[in-house]
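Participant: Provided herewith is a single structure, encoded as structure tokens, for subsequent inquiry.
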Amino acid sequence: MADTSWQQFLTGQGAEITPQGAKFPATEAGLRLFDLSHLGLMQVAGADTQKLLQGQLTCDVTNLATGGGCFGAHCNPKGRMISAFHLLKESESSVYCSMPRDQVAAATAALGKYAVFFKADVTDVSEKWRGFGLAGATAVEAAAGIARPGVLVDKLTDSIAVLWTATETAEALWQDLAKQASPASTSDWQLELVRAGLPEVSAATAEQFIPQMINLQALGGVSFDKGCYTGQEVIARMQFRDANKKRMFRLVTTAGEQPQPGSDVLLESGKAAGEVVTAAGNADGVELLAVLNKKDVAGDSGFLLPDGRELALADIPYDGDFNPLEG
């Protein structure tokens with residue numbers, strides 16, 4: 001359900017509310033501020049928080065510093081991701097996981113099945129918090145500089161950060177951030193994530209991909225030495241035997257309808273080549289992240305969207321084939 005009062009506030013700040021989120025006038029390059037109402041939070045809290053998460057998530061929660069964050073996923077026994085998220089460790093007994101808001105309920109239910117055996121509660125706290133994104137060369141510094149009690153600061157990359165605040169203090173924090181950052185459209189936030197090679201798992205792609213298919217091991221979201229967790233045998237076998245034949249790539253195409261998560265990417269022959277993970281529009285067209293067969297990419301195969309638009313490969317700012325086992 002839309003938060004009418006918050007939408008009214010954003011409208012007063014110069015936004016147009018669209019199905020894709022808040023839309024602001026285009027801004028010049030620099031520090032940009034984004035409304036992240038499309039994201040939600042799952043909290044795990046209690047004395048056994050780390051014990052529960054260490055046995056369920058792909059990332060190493062125990063060795064993560066308090067206040068630190070990392071990418072991670074919760075998988076089924078076949079190693080397929082039920083949810084993927086960015087995890088923020090508030091304390092040893094409180095951890096937050098941010099993900100698309102419409103995925104939080106399913107993620108909470110899946111992890112909650114295991115929580116009954118631990119002194120830990122898994123809760124959808126999306127209604128209690130509101131998220132803002134900062135992107136730009138000084139994003140991390142700006143986020144750290146405005147940190148205060150009741151605000152969670154989460155670094156995604158060296159130039160992308162997220163701040164979470166209680167819903168009742170959201171207007172004040174937005175206004176403080178807007179003094180140093182230009183409000184920008186939610187669709188531009190999605191473009192930032194695509195260009196950074198940061199994936200999201202949606203309802204359409206839940207339980208389709210193992211973590212390495214969306215480059216989670218290259219983003220520090222998979223531990224191969226912390227011990228067992230659900231799906232670990234499949235995930236480890238893929239890595240130790242170099243058996244994973246697919247990974248996520250960035251592609252660009254011309255203007256047109258934006259492909260939805262889970263939709264097909266085709267070879268020039270018309271044969272299915274992979275699936276879209278997420279997509280965003282740019283000034284000239286569309287950019288997307290897609291899971292493709294590495295052999296097809298190495299063979300210089302051409303790729304298409306189902307509507308016939310050609311796709312060109314583009315860089316992501318890390319090595320998607322990075323293997324943590326090789327250092």
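The values are calculated or read from the model by the stated rules, or taken from the named source; none is laboratory data. Here the structure is a predicted model, which is why all the values come from computation and not from measurement. Cβ placement follows ideal geometry from the backbone for every residue including glycine, while neighbour counts extend to all protein chains displayed. Surface accessibility is based on the protein's heavy atoms, side chains included, excluding ligands, DNA and RNA. Shrake-Rupley method; radii C 1.70, N 1.55, O 1.52, S 1.80 Å.
Participant: Answer with one residue from 197, 218, 262: the one whose Cα lies farthest towards the positive end of the charge dipole of the stretch 169-262, charges on Cβ with Lys, Arg +1 and Asp, Glu -1.
Facilitator: Positive-most Cα among the choices belongs to 218.
Participant: Placing unit charges on C-beta atoms (Lys and Arg positive, Asp and Glu negative, everything else neutral), compute the dipole magnitude of the stretch 21-150 about its Cα centre in debye, rounded to 20.
Facilitator: 240
Participant: Based on DSSP H runs of at least 4 residues, each adding -39500 (n - 2.57), what is the mean residue ellipticity at 222 nm of the chain after dividing by all its residues, to the nearest 500 deg cm²/dmol?
Facilitator: Theoretical 222 nm ellipticity from helices: -5500 deg cm²/dmol.
Participant: Take the Cα atoms of the chain, find their three principal axes, and give me the spread along each one in whole Å, biggest first.
Facilitator: 53, 50, 35
Participant: For the chain, which span is the longest to avoid every loop-located (per DSSP) member of trypsin sites (Lys or Arg not before Pro) having at most 15 other Cβ atoms inside 10 Å?
Facilitator: Result, exposed sites excluded: 1-77.
Participant: So for the pair residue 158, residue 13, with labels modelled 7 Å out along Cα→Cβ, what separation do we get in nm?
Facilitator: 2.8
Participant: Step through the residues of the stretch 158-166 one at a time and calculate ³J(HN,Hα) from phi using the Karplus curve (6.51 cos²θ - 1.76 cosθ + 1.60, θ = phi - 60°), rounding each to whole Hz and writing x for Gly and Pro.
Facilitator: 5, 10, 9, 9, 10, 10, 10, 9, 4
Participant: Would you mind computing, in nm to one decimal, how far apart the modelled labels at residue 301 and residue 114 are, each placed 7 Å from Cα along Cα→Cβ?
Facilitator: 3.4
Participant: Run the numbers for residue 224 and residue 26: contour at 0.36 nm per residue of separation, minus the present Cα-Cα distance, in nm.
Facilitator: 67.0 nm
Participant: Oh, and also: Residue 233 to residue 326: extension gain in nm, 0.36 nm per residue of separation minus the Cα-Cα distance?
Facilitator: 31.6 nm
Participant: Taking the stretch 271-327 on its own, what percent of its Cα-Cα pair distances exceed 18 Å?
Facilitator: Percent of Cα pairs beyond 18 Å in the stretch 271-327: 40.
Participant: Ratio of the stretch 1-129's C-alpha Rg to 2.2 N^0.38 Å, to two decimals?
Facilitator: Dividing the Cα Rg of the stretch 1-129 by 2.2 N^0.38 Å gives 1.21.
Participant: Return a whole-number percent for the relative contact order of the chain, with Cα pairs under 8 Å and 6 or more residues apart as the contact set.
Facilitator: So the answer I get is 19 percent.
Participant: Could you tell me, in Å, what Rg and Dmax come out for the Cα atoms of the stretch 190-287?
Facilitator: Answer for the stretch 190-287, Rg first and Dmax second: 15.0, 46 Å.
Participant: Moving to a separate point now. Take the alpha carbon atoms of the stretch 159-233, find their center, do the same for the stretch 88-130, and report the distance between the two centers in whole angstrom.
Facilitator: A separation of 15 Å, based on Cα centres.
Participant: Can you find, among 303, 278, 206, the residue sitting farthest towards the positive end of the charge dipole of the stretch 196-327, where Lys and Arg contribute +1 and Asp and Glu -1 at Cβ?
Facilitator: My answer, from the dipole projection, is 206.
Participant: Would you mind working out the accessible area per residue for the chain, using a 1.4 Å probe, and quoting it in Å²?
Facilitator: 45
Participant: Using a 1.4 angstrom probe on the protein heavy atoms only, line up 318, 96 by accessible area, largest first.
Facilitator: Descending accessible area places them as 318, 96.
Participant: Could you please report the charge total around residue 205, scoring K, R as +1 and D, E as -1 over all other residues with beta-carbon less than 14 angstrom from its beta-carbon?
Facilitator: Around residue 205, the surrounding residues sum to -3.
Participant: I need the fraction of alpha carbon pairs in the stretch 244-289 separated by more than 14 Å, rounded to a whole percent.
Facilitator: Here the long-distance tail beyond 14 Å is 51 percent of all Cα pairs in the stretch 244-289.
Participant: If you don't mind, there's one more thing I want to ask. Please label the shape of the stretch 90-218 as rounded, prolate or oblate, based on the square roots a ≥ b ≥ c of the eigenvalues of the alpha-carbon gyration tensor (a/c under 1.5 means rounded; beyond that, a/b larger than b/c means prolate, else oblate).
Facilitator: oblate
Participant: At a probe size of 1.4 Å, how large is the accessible area of residue 176, to the nearest 10 Å²?
Facilitator: The value for residue 176 is about 50 Å².
Participant: Quick one: which residues, 5 or more positions from residue 56 or on another chain, have an amide H under 5 Å from its amide H? H modelled 1.01 Å from N in the peptide plane, none for Pro or chain starts.
Facilitator: Close amide H contacts, sequence-distant or interchain: 230.
Participant: A further question on this structure: Build a GNM of the chain with springs between Cα atoms under 10 Å: which of 81, 213, 238 gets the top mean-square fluctuation?
Facilitator: In this elastic network of the chain, the residue with the biggest mean-square fluctuation among 81, 213, 238 is 238.
Participant: Let me ask something additional. Pairs of Cα atoms under 8 Å, at least six residues apart: use those to get the relative contact order of the stretch 36-111, whole percent.
Facilitator: 39
Participant: Another question, if that's okay. According to the Cα gyration tensor, what semi-axes, each the square root of 5 times an eigenvalue, does the equivalent ellipsoid of the stretch 24-98 have, listed from largest to smallest in whole Å?
Facilitator: 28, 16, 11
Participant: So, R0 is 22 Å and r is the distance between the beta-carbons of residue 102 and residue 172; what FRET efficiency does that work out to, to 0.05?
Facilitator: Efficiency, rounded to the nearest 0.05: 0.20.
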